[in-house]
């Protein structure tokens, strides 16, 4: 069995035609993948409802420490405030498998707990782009 630990996973970002850069100032990353559904039930299903998957949705949620000196933090913040796309790779390791797509930052919420570092919760959703989302197979 080839298990992976969350701490081995990698989140990379890319602004425009730039290079992929690891986003190290993240924790608790969640990749959400879902598909819509279409009912294709017929009489031939012998009383069973039949469903097929339709359009896929992809989003990623993560937290970052509020660090205005961190280039990755600044790229995420700028993508949110400027309504610009940002490329993300959500991988299960340095050359692992995962989703690659252009994303829109739809949530950038700051938390100011009394005895903790200020953090920001980020939600990114696959956005309109000339490059279609793809699943990287890893090596």
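The values are calculated or read from the model by the stated rules, or taken from the named source; none is laboratory data. Predicted model, so just to flag it, every value in this text is computed and none were measured. Using ideal geometry, Cβ is built from the backbone for each residue, glycine included, and neighbour counts are taken over all protein chains shown.
With the condition kept exactly as written, say whether any residue in the range 58-72 is loosely packed, with under 11 Cβ neighbours inside 10 Å, over 20 Å from residue 123 (Cα atoms) and at pLDDT 95 or above.
Of the range 58-72, the ones loosely packed, with under 11 Cβ neighbours inside 10 Å are 68-69.
If we keep only those that are over 20 Å from residue 123 (Cα atoms) as well, we get 69.
Subset that is at pLDDT 95 or above: 69.
Yes, because at least one residue in the range 58-72 is loosely packed, with under 11 Cβ neighbours inside 10 Å, over 20 Å from residue 123 (Cα atoms) and at pLDDT 95 or above.
Can residue 138 be described as at pLDDT below 95, within 20 Å of residue 22 (Cβ to Cβ) and either assigned to a loop (DSSP other than H, G, I, E, B) or out of contact with any helix residue (DSSP H, G or I) (no Cβ under 8 Å at 6 or more places or on another chain) (or both)?
So residue 138 passes the test.
Cβ-Cβ below 8 Å, separation at least six or inter-chain, first residue in the range 20-39 and more than 20 Å from residue 95 (Cα to Cα), second assigned to a loop (DSSP other than H, G, I, E, B) and at pLDDT 95 or above: which pairs?
Here the result reads 39/49; 39/50, each pair linking the range 20-39 to a residue that is assigned to a loop (DSSP other than H, G, I, E, B) and at pLDDT 95 or above.
Checking residue 8 against (1) at pLDDT below 95; (2) within 12 Å of the chain's Cα centre (by Cα): exactly one of these is not met. Which one?
Of (1) at pLDDT below 95; (2) within 12 Å of the chain's Cα centre (by Cα), only one is false for residue 8: (2).
Scan (1) farther than 21 Å from residue 21 by Cβ; (2) in contact with a strand residue (DSSP E or B) (Cβ under 8 Å, 6 or more places away or on another chain) for the single condition residue 105 breaks and write down its number.
Single failed check for residue 105: (1).
Can you spot a residue in the range 31-40 that is part of a helix (DSSP H, G or I) and at pLDDT 95 or above?
no
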